[in-house]
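Note sheet for the following structure.
The values are calculated or read from the model by the stated rules, or taken from the named source; none is laboratory data. All values derive from a computational prediction rather than experimental measurement. Here the Cβ is made from the backbone with ideal geometry for all residues, glycine too, and neighbour counts use every protein chain on show. Each accessible area value is taken on the protein alone, full model and side chains, heavy atoms only, with ligands, DNA and RNA left out. Shrake-Rupley method; radii C 1.70, N 1.55, O 1.52, S 1.80 Å.
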Amino acid sequence: MELKVIIAIVRSDALQAVESRLQQAGVQGITVTQSKGYGEYRNLFTSDWMSGGVRLEIYTAAHEVDAIVKTIIDAAHTGEPGDGLVAVLPVDRVFSVRSRSETVPNRPRS
Amino acid sequence: MELKVIIAIVRSDALQAVESRLQQAGVQGITVTQSKGYGEYRNLFTSDWMSGGVRLEIYTAAHEVDAIVKTIIDAAHTGEPGDGLVAVLPVDRVFSVRSRSETVPNRPRS
Amino acid sequence: MELKVIIAIVRSDALQAVESRLQQAGVQGITVTQSKGYGEYRNLFTSDWMSGGVRLEIYTAAHEVDAIVKTIIDAAHTGEPGDGLVAVLPVDRVFSVRSRSETVPNRPRS
């Protein structure tokens, strides 16, 4: 099965909404990292050039990508500069450390 | 030479064992980031949904990937939920900042 | 348009110079994460094996990659161990959260 990773860089204050919507959509695993951004991602209301952001990383089957991307954008969108971006990258393989075998993360419950 | 990046998201308390085994296996370069996870990566023994994790990133030649993935899984496996995952992604090129030229990181000593 | 992500892992004290040069070169969006490295990236002048580093992530069009990689290396190079690395990975698609549509980040101003 073709795998992808979705990397979303969004405002820190959008994190809770994004996580909540992803859980409702059945996304079972997310990795979150604190990050800083500047440039087109910056928050114009902060006093300095750098602004706080979070980086989400979600491994999933390719056919789940469009729905997950839409969920993230719906939850993180404000329309202001600094809303961030969502990128989709190819992945060769994913292994579960618990089962010691290849896995398809975030497979929908059906 | 074909290059890959191995991204491992494991329990924070597995980090020392993973690093130690990778060094013994001759892996010369690792980048470690603190992260948070939820969902299938969560630690059921923490009181909240989010649990601490670490994200390791290792650039290497494609033919080294299977051995490095096995080393990480052997060191990080507990069999409980929250053990994390290991992903393999394609990489076009890697440059050494010190030599200013293309490089193959984590080439085994032979 | 073909997209790539440039991931640079450099010394923490090189961050300001790298950001400044990238801004001068018209790079509009960078995500920065604190990280730790060891192995060939280590700083031999620190007392412990782990040393501080930063991880930069820049999404851009494929034809911008060589210039951005050169800018990063020029700004981060000291010639000593621990200078770090720059990697280039393929990207399928990037979406702007603000516009809710696909985008080409860090397109040069021309």
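What to note about this one:
- If the condition is being in contact with a helix residue (DSSP H, G or I) (Cβ under 8 Å, 6 or more places away or on another chain) and more than 14 Å from chain C (Cβ to nearest Cβ), then segment B:84-110 contributes B:84, B:86.
- Identity of the residue in segment B:56-110, open to solvent by 40 Å² or more (accessible area, probe 1.4 Å) and farther than 22 Å from residue C:89 by Cβ, that ends up modelled with the lowest pLDDT: B:110
- Long-range neighbours under 9 Å by Cβ, at least six apart or interchain, first residue within 7 Å of another protein chain (Cβ to nearest Cβ) within segment A:67-83, second open to solvent by less than 10 Å² (accessible area, probe 1.4 Å) and of a type in the set (Asp, Glu): A:73/A:83; A:76/A:83; A:77/A:83
- Of the residues making up segment B:8-25, just one is surrounded by fewer than 20 Cβ atoms within 10 Å (Cβ to Cβ) and outside any helix (DSSP H, G or I), namely B:25.
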